[in-house]
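For reference, the structure discussed in these notes is given below.
The values are calculated or read from the model by the stated rules, or taken from the named source; none is laboratory data. Fair warning: this is a prediction, and the values are worked out from it, not measured in the lab. Backbone-built Cβ (ideal geometry, glycine too); neighbour counts: all protein chains shown.
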Amino acid sequence: MIAKFDVYNYKDMYRNCGVLAATAPEDHPAWRYLDLTFEADCCTVYASNGVQIARICIPCAMTDIPFDYHIMIHPIKPTSHTKSVELHIDESTETYTVIFVDGEDEILDSVTESFCKDAPIGFSKLYERLENNFGVTGAGEYSFAVDPKVLLRALEGVKGFDKVVFTFASPTSPFRIFPPNVDQDITCMVYPMRLWE
């Protein structure tokens, strides 16, 4: 069984889900894997580190992978000059191999690992249950957009604290970010972007 990913889609998966799996607590070894499910021409990937959960659906070309096939793999960062990534699954040996291929179809690197022996976490059911909190349309009580670079700059000023609080007044007003119960009066206001329909 083989799944082939464009490197850009694979990198999106790695950035969105791989980072969470890499930061999962060591006392939950199954969380350190990406949870992949293959459907038609798409692979849905889930990951969690206990305080975050992420999902991404990326296109892939599949050979001999049954619909709704499920596997858990470690996140593996692609090597330089990779153009495509192949996942070879061998159920007879209970191993999978991630292969990084360049533009001339030459193998740059490959990693072979055994199947995860832990029971799947069920991230898809958890994600679905959490998604239901946002109502039928998925928009929640109200929605707004934020430039991710602006949000990251705002969080940079409070990253040394154990926790931060976000407070929201309305979808068009700035929201506030601040660390609770600290001696300093540190607050950052972030203006939302307008969502055009």
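Among the listed residues LEU155, LEU126, LEU151, LEU108, which satisfies the condition of being modelled with pLDDT of 90 or more and surrounded by 12 or more Cβ atoms within 10 Å (Cβ to Cβ)?
Matching residue, one of LEU155, LEU126, LEU151, LEU108: LEU108.
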Can you name every residue in the range 101-115 that is touching an Asp or Glu at 6+ places or on another chain (Cβ under 9 Å) and touching a residue at least 24 places away in the same chain (Cβ under 8 Å)? LEU108, PHE115
For the range 52-94, which residues satisfy the criterion of being over 21 Å from ALA22 (Cβ atoms) and of a type in the set (Ser, Thr, Tyr)? THR63, TYR69, SER84, SER92, THR93
So which of ALA3, ALA24, ALA54 is at pLDDT 95 or above, buried (at least 18 other Cβ atoms within 10 Å of the Cβ) and of a type in the set (A, V, I, L, M)? ALA3
All positions within the range 57-68 that are surrounded by fewer than 17 Cβ atoms within 10 Å (Cβ to Cβ) and at negative phi: CYS57, PRO59, ALA61, THR63, PRO66, PHE67
Please specify each residue of the range 66-97 satisfying the condition of being aliphatic (A, V, I, L, M) and touching a Pro at 6+ places or on another chain (Cβ under 9 Å). MET72, VAL85
Within the range 60-110, the residues that are of a type in the set (A, V, I, L, M, F, W, C) and in contact with a Ser or Thr (Cβ under 7 Å, 6 or more places away or on another chain) are VAL98, ILE99, PHE100, VAL101, LEU108
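Conditions (1) at pLDDT below 85; (2) surrounded by 11 or more Cβ atoms within 10 Å (Cβ to Cβ); (3) small (Gly, Ala, Ser), marked per residue:
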site	(1), (2), (3)
THR137	yes, no, no
ALA145	yes, yes, yes
LYS159	yes, no, no
PRO174	yes, yes, no
Within the range 34-48, does at least one residue satisfy the condition of being acidic (Asp, Glu), out of contact with any strand residue (DSSP E or B) (no Cβ under 7 Å at 6 or more places or on another chain), surrounded by fewer than 19 Cβ atoms within 10 Å (Cβ to Cβ) and part of a strand (DSSP E or B)? yes
Which is under 15 Å from the mean Cα position of the chain (by Cα) and either closer than 14 Å to PHE115 by Cα or at pLDDT below 95 (or both), of SER48, SER80? SER48
Subset of the range 56-79, residues in a strand (DSSP E or B) and among the hydroxyl-bearing types (Ser, Thr, Tyr), comes to THR63, TYR69
